[in-house]
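Heads up: the structure comes next, in structure tokens.
Any read-out appearing in this document is the output of simple, stated calculations on the displayed coordinates, not a laboratory observation. Bear in mind the structure is a predicted one, so any value in this text is a computation, not a measurement. Backbone-built Cβ (ideal geometry, glycine too); neighbour counts: all protein chains shown.
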Amino acid sequence: MYPSEFDYERAETVDHALELLSGDPEAKIISGGHSLIPMMKSGLANPGTLVDIGEIDELTGIEWDDDTVSVGALTTYATIADDDELWDELPVLAEAAHEVGDIQVRNRGTIGGNVAHGDPASDLPAAVLAADATVVVQGPDGERRIDVDDFFLGMYATELGEDEILTGLEFPRSENATTTGAYVKKPSPSSGYALVGVAVSLEVDDGRIESARVAANGIMDHGVRLEPVEDGLVGESLDDVSFEDVAAVADEDLEEFMMMDDIQASAEFRAQLLKVYTEEALNDAVDRLDASLPTA
Amino acid sequence: MTEHDIEITVNGTDHEMTVDSRTLLVHALRDQLGYTGPNVGCESSMCGACTIHLDGEAVKSCTVLAVQADGSDVTTVGDFADRDSLHPIQESFSEEHGLQCGYCTPGMIMTTSELLERNPDPNEEEIREALEGNLCRCTGYQNIVKAVESAAEKMRTTATAEGDD
Ligand SMILES: Cc1cc2nc3c(=O)[nH]c(=O)nc-3n(C[C@H](O)[C@H](O)[C@H](O)COP(=O)(O)OP(=O)(O)OC[C@H]3O[C@@H](n4cnc5c(N)ncnc54)[C@H](O)[C@@H]3O)c2cc1C
Ligand code: FES
Ligand code: FES
């Protein structure tokens, strides 16, 4: 299985990559290549030129400052899933990265490639939605910062322009409250991709849920927030809230005709999975919180 | 440009070669350089028979372009063969019957060696999770897990003995 012919250019810097992209509508970025190469082998993608950004050092790594964590686009899942600080502060992202494919895929695939690709069955869209990311993009006119809520548009469709490069993602750090989170998925038995995956990020203060972001992939044509679930959580005390009841409305706002419905799982089955996995993700997030509290 | 002059180091030997843009790393290694360690099972990132280490990390070489690997350091299972005696991982796969036809074995060994580098004492669940991307049509995995457990133990013992020196 060979991809058909194409040109290949290795970009030395982001500006160099932008230059190679501009004026060439047939050009495509390659990062880890773990979605693009399979698609080129099967003829689903036929770029005229690949612009390899894989060796641009400035796009790799995790940086912390007072109020944000920045993750470079080329950071691999393995790097994210191995980072203890991320497991502490942004467990939803670490866990989603850990759930991707297998170790070989995690060594090669990148967070930027995953988010840019907009595959409805990927694991990262729900996690970055739940973690309230800002998507940082460079284009011919300079930098754009896109709120993740506006980023995913449809199947393989995102806010990213053809001549733009996703350079990184930024996540807010919470000030007073304790953040917890989780990502759980029902993998397809054959491909391992998510039939349904649910990401949860909660801020808890004194036993009360201050804020909640809950999102899912696999269920719709793109990653989506589950607002009825979020509404059922905010303001509740952890002692009283029933996650089963809250999760029961997980599919309430979702447009049925846009639900994923294929040979692997019907829309009806996915909607059922969504409720079960939402409850599980909420339970996991709270268990994680209990585990991290100092025992008296 | 569809042809590229690239440089890669394989098992410690430097190579210069010319590849097409679309040449997969596994084919460059096998057909152009003669490193037949990595096997081609599915050619579609599913089976792991083509697993090598690229700059120290286990990857499926059917899902990397040779030109992407320009300037990289590659290790294949062949690196384990160029020794006077069997490596503990090889020895354990043999002793525990961790292979039958052997087609998946090069990939199993490369993934195992990365696992044991990161985690010298994995439990069964961790071993199964690490080998998720490596399929075997013969053994039923049971003996592969035993082989990895036994290799881990041998390597820990050697490491402690060396530490004592
Ligand atoms: C066997 C296997 C199993 C997998 N299992 C899973 C799974 O369980 N869950 C999951 O989420 N994913 C899975 N994947 C997909 C994997 O996560 C890919 O790595 C990911 O989808 C794409 O990231 P990449 O870096 O490989 O991007 P590439 O394949 O290089 O690129 C993908 C697309 O994004 C564009 N692109 C890449 N980077 C950028 C950028 N920085 N800016 C702009 N555009 C960009 C490319 O032009 C291309 O269109 C699997 C892949 C394989 C081969
Ligand atoms: S041949 Fe590469 S994964 Fe099967
Ligand atoms: S031993 Fe035959 S495929 Fe594993």
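Dipole magnitude for the protein assembly as shown: computed about the Cα centre from +1 point charges on Lys and Arg Cβ and -1 point charges on Asp and Glu Cβ, it is near 2040 debye.
Distances between placed amide hydrogens fall under 5 Å for A:T158 paired with A:L153, all partners being 5 or more residues away or on another chain.
A straight chain from B:E124 to B:A161 at 0.36 nm per residue would run longer than the Cα-Cα distance by 10.9 nm. Taking square-rooted eigenvalues a ≥ b ≥ c of the alpha carbon gyration tensor, is the stretch A:178-290 rounded, prolate or oblate, where a/c under 1.5 means rounded and, failing that, a/b exceeding b/c means prolate? Since a/c reaches 1.5 and a/b is larger than b/c, the shape of the stretch A:178-290 is classed as prolate. Annotation: amide H-H contacts under 5 Å for B:G41 (H modelled 1.01 Å from N, sequence separation of 5 or more, or interchain): B:A49, B:C50. Inter-label distance, B:T13 to A:R144: 5.0 nm, where each label sits 7 Å from its Cα along the C-beta direction.
Divided by 2.2 N^0.38 Å, where N counts the residues, the Cα radius of gyration of the stretch B:57-97 comes to 1.53. Taking θ as phi - 60° and the Karplus parameters 6.51, -1.76 and 1.60, the scalar couplings of the stretch A:126-133 work out to 4, 5, 6, 5, 5, 7, 6, 6 Hz in sequence order, x denoting glycine and proline. When chain A is treated as a GNM with alpha-carbon contacts under 10 Å, the residue of A:G54, A:G223, A:G23 showing the greatest mean-square fluctuation is A:G23. Pairs of Lys residues in the protein assembly as shown are counted when their Cα atoms are under 25 angstrom apart and they lie 8 or more places apart or on different chains; the count is 9.
Computed over the stretch B:18-61, the Cα gyration tensor eigenvalues convert (square root of 5λ each) into semi-axes of 16, 12, 11 Å, ordered from largest to smallest. Per residue, the convex hull around the alpha carbon atoms of the stretch B:3-80 comes to 74 Å³. Computed over the stretch A:55-176, the range of Cα coordinates on each principal axis works out to 36, 34, 28 Å, biggest value leading.
With a simple spin-label model that places each label point 7 Å from the Cα along the Cα-to-Cβ direction, the separation between A:T178 and A:A248 comes to 2.9 nm. Taking a ≥ b ≥ c as the square roots of the eigenvalues of the Cα gyration tensor, the stretch A:122-201 is oblate, since a/c reaches 1.5 or more and a/b is not larger than b/c. The convex hull of the Cα atoms of the stretch A:238-296, projected and averaged over all directions, covers 5.2 nm². Taking the C-alpha atoms only, the angle from helix A:267-292 to the longest principal axis of chain A is near 70 degrees.
How long is the gain from A:D290 to A:M1 if the chain were fully straight, where each residue apart is worth 0.36 nm and the alpha carbon distance is subtracted?
Details: separation 289, 0.36 × 289 = 104.04 nm, distance 4.96 nm.
In short, 99.1 nm is gained.
Here the stretch B:72-119 is treated as an ellipsoid with the same Cα gyration tensor; its semi-axes, largest first and in whole Å, are 17, 13, 12.
Dividing the summed -39500 (n - 2.57) terms of all DSSP H runs of n ≥ 4 by the residue count of chain A sets its mean residue ellipticity at 222 nm at -8500 deg cm²/dmol. Between the stretch B:25-92 and the stretch A:152-213, the alpha-carbon centres lie 34 Å apart.
Under the simplified labelling scheme, the A:D262-B:Q32 pair shows an inter-label distance of 3.4 nm, with each label point 7 Å from Cα along Cα→Cβ. For the pair the stretch A:230-273 / the stretch A:1-32, the C-alpha centres are spaced 40 Å from each other. Computed over chain B, the convex hull of the alpha-carbon atoms projects to a mean area of 9.9 nm². Applying 0.36 nm per residue to the separation of A:D205 and A:E162 and subtracting their alpha-carbon distance, the gain on full extension is 11.2 nm. Just check the protein assembly as shown against the gyration tensor rule for me: Cα atoms, a ≥ b ≥ c as the square roots of the eigenvalues, rounded for a/c under 1.5, and otherwise prolate or oblate depending on whether a/b exceeds b/c. Oblate, since a/c reaches 1.5 and b/c is not below a/b.
When the Cα atoms of the stretch A:7-49 are aligned to their principal axes, the ranges along those axes come out at 30, 20, 12 Å in descending order.
For the stretch A:141-148, backbone phi angles converted through the Karplus equation (6.51, -1.76, 1.60; θ = phi - 60°) give residue-by-residue couplings of 9, x, 8, 10, 10, 10, 5, 4 Hz, Gly and Pro being listed as x. Give me the tail of P(r) for the stretch B:83-160 as a percent: Cα-Cα pairs with distance above 13 Å. Percentage above 13 Å: 62.
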